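Notes for the one structure printed next.
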Amino acid sequence: MAFDGIVIANLVHELNQTILNLKISKIAQPESDELLFTLKGNGQTRRLLISASASLPLIYLTDSNKQSPLTAPNFCMVLRKHIANGKITRIYQPHMERIICFEIEHLDEMGDLGHKILIIEIMGKHSNIIFCDEGNTIIDSIKHVSLNMSSVREVLPGRSYFIPKTQDKKDPLEANEKDFLQIIHTSSISLSKSIYGNYTGISPLIANEICYRASLDGDLPSDAFSENELLHLWTNFLHLMEDIKDCKFCPNIVMKDKEPVEFSSFILSEFSDYATVTYDSISFVLNQYYEKRDSYTRIRQKSSDLRKVISNALDRSRKKYALQSKQLEDTNKREKCQLYGELLTTYGYEAPPSAKSFDVLNYYTNEMITIPLDSDLTALENAKKYFEKYAKLKRTYQALTEFIENTKRELAHLESIEASLDIAVNEDDLSVLRDELFDFGFVHKRANVGKNGKKKQAKSIPFHYLSSDGYHIYVGKNNYQNEDLTFKLATGNDWWFHAKGIPGSHVIVKSNGDTLPDSTFEEAAKLAAYYSKGKDNAKVEIDYIEKKQVKKVTGAAPGFVIYHTNYSMSIEPDISGIEFIG
């Protein structure tokens, strides 16, 4: 995540294209460190969100409104006094810094034309929103910074505003080949760090990308590379700077499954193994990234209790399965006990008294075997003992066989719930999983209960896609949805898909009675692969069959089915390009 000078440059370009010369219609301060401007003009209304939060500073255009406090904070009142109804006449970024300056034209109390500057500093915990007059004297700021707080710069009313030069960094847009090569070649730190450590606005993310484009390892020391390799690095650096100057931005979000992992204003080649989604607007990218990131993090936090319940239940079931399997293995001696009993009954009269063993012909194989004996018992008493042991082991085998089958079904059920948890996207999805855990005794308290003691109905709905040929495809998020999709939504000639032998979603293609094209079969198979435990594999084997051939297993958990004479295909779990409806 890099809200660096390059993203700022992209934002400045976008803001110049969208809000330049618009008037400030409304100024709100929803949070102590946040502003929301409503801008109007040229028949349009725009909202600009600005946050100087230490944990998440940002600025972007948004369609969302926020409720303001009943009493406006002092900083908000100062802005309203000076620039309410003012016009934004210039938006710029000084020297690739993480700073955006807005020059605002307004009428003062005497009706004379005046100019003010609103400066947004996106600098991590040092982020601030500073309001200055045209002579760069600070009128006020959203955060006051005294010398007790910073020895570098005071940010207080009446002080002169300046950009702190705490590091001797150069403007990358003004870089030349000679200086670049000298700076990089004489550095003993890593190649990547020598780039972002010497040029403003370049984040470690972009520095690594430049190295990657030049096919150089950014973690190695700069002085480990040859002159030709550094020349190649300079070429890639220069091309990126030229793209910034020409405003050739490509706002995008890098996704790992459903989790956004990075955003940038240029395509990040180093993340070629992940899905990259491009957009027309960097504001939209920032809005989507932080919203998705927040949503993903929130769901992971809210599902932590369920993950713990499922993990503990799986551990118990696996230990139980291992113990039962060991006990079942011990019952393999039952057939030998039966054989010993039969042979002693037949030949026991030949056994010498008080013998500890007896060699006898096994008439099933015509081989001699040695039967261990209890010397205190007669041969017939030993035979009876072996028969009793055989009967006990047989009963144990029969009971364990049933227990193991139940434990295997329990493990499969828990693993299917665990897989469903990985694709849950909202609180309703989690509620359905909590209900299922309660319904099958894995938890003993229902969470979705209203004041009247009745169960609240969760509104979780399956994923809905549209194939490239126009056929509707539905993907179950959990076992209850899988059951409903297969046995309620689907009709006999619809097609059913599922990953072979591993937990995953039921995927239904509504065929409308048509013969489906191959591309729809492949897209449905990709969805079945992606929404399964095998989604991280290069390829996943998928079973598919007409729904009328799928039968529910009597007494099994929801979503567990049997089928025969199915078709199969092996396919990559890549769903990029398949249209998502909701």
Report the paramagnetic label zone for A538: residues of the range 558-582 whose backbone N is under 13 Å from a point 7 Å from Cα along the Cα-to-Cβ axis. 571-573
Gain upon complete extension [T278, E572; 0.36 nm per residue less C-alpha separation]: 103.6 nm
So what are the ³J(HN,Hα) numbers for the range 357-365, from phi and the Karplus equation (6.51, -1.76, 1.60; θ = phi - 60°), rounded to whole Hz, Gly and Pro as x? 7, 8, 8, 8, 7, 7, 6, 7, 10
With r as the distance between the Cβ atoms of Q398 and T370 and R0 = 35 Å, compute the FRET efficiency 1/(1 + (r/R0)^6) and round to 0.05. 0.75
Residue by residue through the range 267-273, the couplings from Karplus 6.51 cos²θ - 1.76 cosθ + 1.60 with θ = phi - 60°, in Hz, x for Gly and Pro, are 5, 9, 5, 5, 10, 5, 6
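Starting from the Cα gyration tensor of the range 155-208, take the square roots of the eigenvalues, sort them a ≥ b ≥ c, and report rounded, prolate or oblate (rounded when a/c is under 1.5, otherwise prolate if a/b is larger than b/c, else oblate). Don't skip to the answer; put the middle values down first.
Numbers: a/c = 2.72, a/b = 2.16, b/c = 1.26.
Prolate, since a/c reaches 1.5 and a/b exceeds b/c.
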What residues qualify as long-range amide H neighbours of A275, i.e. H under 5 Å apart, gap of 5 or more or another chain, H built at 1.01 Å from N? M255, D257
Given a Förster distance of 51 Å, the FRET efficiency implied by the Cβ-Cβ spacing of Q17 and K408, rounded to the nearest 0.05, works out to 0.25
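Just check the range 43-92 against the gyration tensor rule for me: Cα atoms, a ≥ b ≥ c as the square roots of the eigenvalues, rounded for a/c under 1.5, and otherwise prolate or oblate depending on whether a/b exceeds b/c. Show your work: numbers first, answer last.
Values: a/c = 1.32, a/b = 1.05, b/c = 1.27.
The shape class here is rounded.
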What are the residues whose amide H is under 5 Å from the amide H of K26, where those residues sit 5 or more places off or on another chain and H is modelled from the backbone? T38
If packing is taken as the average number of other Cβ atoms within 10 Å across a peptide's residues, how do 395-405, 7-17 rank, most packed first? 7-17, 395-405
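Quick one: what do you get for the range 39-161 if you divide its Cα Rg by 2.2 N^0.38 Å? Spell out each step's value before the answer.
On the way: Rg = 14.9 Å, N = 123, 2.2 N^0.38 = 13.7 Å.
So the Cα radius of gyration is 1.09 times the expected 2.2 N^0.38 Å.
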In nm, give the distance between the simple-model label positions of A391 and L323, each being 7 Å from the Cα along the Cα-to-Cβ direction. 2.8 nm
State, to one decimal in nm, how far the label point of L107 lies from the label point of S304, with both points 7 Å from Cα in the Cβ direction. 5.6 nm
Given labels modelled 7 Å from the Cα in the Cβ direction, how far is it in nm from M149 to D246? 4.3 nm
For the chain, how big is Rg over Rh, using alpha carbon atoms and the Kirkwood form of Rh? 1.18
Bounding extents of the range 172-299 in its principal axis frame from Cα atoms, largest first in Å, are 47, 29, 22
Under unit Cβ charges (Lys, Arg +1; Asp, Glu -1), what dipole magnitude, rounded to 20 debye, does the chain have relative to its Cα centre? 2620 debye
Just going by the charge dipole of the chain, with Lys and Arg at +1 and Asp and Glu at -1 on Cβ, which of S203, Y274, I189 is farthest out on the positive end? Y274
Filter the trypsin sites (Lys or Arg not before Pro) in the range 489-582 down to the DSSP loop ones having no more than 15 other Cβ atoms within 10 Å, then list what survives. K539
Extend 7 Å from the Cα of N362 along its Cα-to-C-beta direction; within the range 369-398, residues with backbone N under 13 Å of that point are 369-372
How many angstrom separate the Cα center of the range 52-118 from the Cα center of the range 333-393? 98 Å
From Cα pairs below 8 angstrom and at least 6 apart in sequence, can you work out the relative contact order of the chain, rounded to a whole percent? 8 percent
In nanometres, the difference between 0.36 nm per residue of separation and the alpha-carbon distance of I562 and K445 is 39.0 nm
Which one of N479, I575, Q44 has its Cα pushed farthest toward the positive end of the charge dipole of the chain, where Lys and Arg give +1 and Asp and Glu give -1 at the Cβ? N479
Where a ≥ b ≥ c are the square roots of the eigenvalues of the C-alpha gyration tensor, would you call the range 312-419 rounded, which needs a/c under 1.5, or, failing that, prolate if a/b is larger than b/c, or oblate? prolate
Mind checking the dipole of the range 312-419: about its Cα centre, +1 per Lys or Arg Cβ, -1 per Asp or Glu Cβ, Debye to the nearest 20? 360 debye
Can you give me the Cα centroid spacing of the range 173-193 and the range 194-231 in angstrom? 8 Å
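Taking 0.36 nm per residue of sequence separation and subtracting the Cα-Cα distance, how much length would be gained by fully extending the chain between K26 and N136, in nm to one decimal? Before the final figure, lay out the partial values.
Details: separation 110, 0.36 × 110 = 39.60 nm, distance 2.40 nm.
Extra length available between K26 and N136 comes to 37.2 nm.
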Only Lys, Arg (+1) and Asp, Glu (-1) charged, at Cβ; the range 463-580 dipole about Cα centre in debye: 520 debye
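Just so you know, all these numbers are worked out from the coordinates, no wet-lab data involved. Computed from a predicted model, the values in this text were never measured in an experiment. Here Cβ is always computed from backbone atoms with ideal geometry, including for glycine, and neighbour counts include all displayed protein chains.
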